[in-house]
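Worksheet: one structure, shown below.
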Amino acid sequence: MGKKLVIVGFLLSLALGLYVFVTRDTKSLKENLSKGSIRDPRARLEDFVVYRYEGDLLKAKLKARVGDFYEPNVVQLDGEIRGERLTAAGERETLGAESVTTYFKSTSLTKMLDQSSELDRAELTGFVEVGMKEHLLTTDYAEYVNSEKVVRSVRPVRVEGPGRVFMGDEGFTYELANQVLNMIGQIKGEVLVEQHH
């Protein structure tokens, strides 16, 4: 009987030790992820391309040289990022940047890759270009907020269109739903006026 108690005691101690070891490693991994100290991606895709279809119609495309996937919900795109989408009115909008970091509303990479995972926000850095209607907006930083369907920035911006150039020193907001651009701060511009003789 005493021998069985010793064996049971040993097994319980071993199980408790394994439980403490496993949960300690899990806890430290969660702490490292939340502190952002782990910077190695879980997956890397070169010549990254993603498409969005509605039925047979291509609605959007985004490509980059490299796509890095970080736990639990971040995708970092780098290198010649180019994107385009069709608006509800069928107009083409374009996007360009040197780097894009996207944040999804998911708790793991597996859930993020699911079709139902929703984009929370995205940060665009480098030579950022947004083409809308006949205008080209350029800046060095912009943020897309999905809940508001808005692209915005507090950095200087330049907007070029046919016969006009505008520069804002405190940023902009661009509402995707109604395609309204608001420039913030002091705005300078040039407008070419055609004169008829």
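The values are calculated or read from the model by the stated rules, or taken from the named source; none is laboratory data. None of the values given here were measured: they were computed from a predicted structure. Backbone-built Cβ (ideal geometry, glycine too); neighbour counts: all protein chains shown.
Annotation: residue 158 fulfils all but one of (1) of a type in the set (D, E, K, R); (2) more than 26 Å from the chain's Cα centre (by Cα); (3) not in a loop (DSSP other than H, G, I, E, B); the unmet one is (2).
Could you identify the single residue in 98, 134 that is over 11 Å from the mean Cα position of the chain (by Cα) and more than 18 Å from residue 159 (Cβ to Cβ)?
Testing whether each residue is over 11 Å from the mean Cα position of the chain (by Cα) and more than 18 Å from residue 159 (Cβ to Cβ) leaves just 98.
When both residues are 6+ apart or on different chains and their Cβ atoms are under 6 Å apart, which pairs have a first residue that lies in region 98-112 and is in contact (Cβ under 8 Å) with a residue 24 or more places away in the chain and more than 15 Å from residue 129 (Cα to Cα), and a second that is among the hydrophobic types (A, V, I, L, M, F, W, C) and in a helix (DSSP H, G or I)? These pairs meet every condition: 104/112; 106/112. Given the criterion in contact with a strand residue (DSSP E or B) (Cβ under 8 Å, 6 or more places away or on another chain), surrounded by 13 or more Cβ atoms within 10 Å (Cβ to Cβ), at positive phi and in contact (Cβ under 8 Å) with a residue 24 or more places away in the chain, identify the matching residue among 171, 131. Of the residues listed, the single one that is in contact with a strand residue (DSSP E or B) (Cβ under 8 Å, 6 or more places away or on another chain), surrounded by 13 or more Cβ atoms within 10 Å (Cβ to Cβ), at positive phi and in contact (Cβ under 8 Å) with a residue 24 or more places away in the chain is 171.
Residues in region 174-197 that are part of a strand (DSSP E or B) and without any contact (Cβ under 8 Å) to a residue 12 or more places away in the chain: 2 in all.
Please tell me if residue 161 is surrounded by 14 or more Cβ atoms within 10 Å (Cβ to Cβ) and not aliphatic (A, V, I, L, M). So that I can check it myself, show each step before the final result.
Working: surrounded by 14 or more Cβ atoms within 10 Å (Cβ to Cβ): yes; not aliphatic (A, V, I, L, M): yes.
So residue 161 fits the description; yes.
Per the listing 79, 90, the residue uniquely surrounded by fewer than 19 Cβ atoms within 10 Å (Cβ to Cβ) and not in a strand (DSSP E or B) is 90. Residue 140 passes every criterion in (1) surrounded by fewer than 18 Cβ atoms within 10 Å (Cβ to Cβ); (2) touching a residue at least 24 places away in the same chain (Cβ under 8 Å); (3) part of a strand (DSSP E or B) apart from (2).
When region 173-197 is filtered for residues that are aliphatic (A, V, I, L, M) and at pLDDT below 80, only 193 remains.
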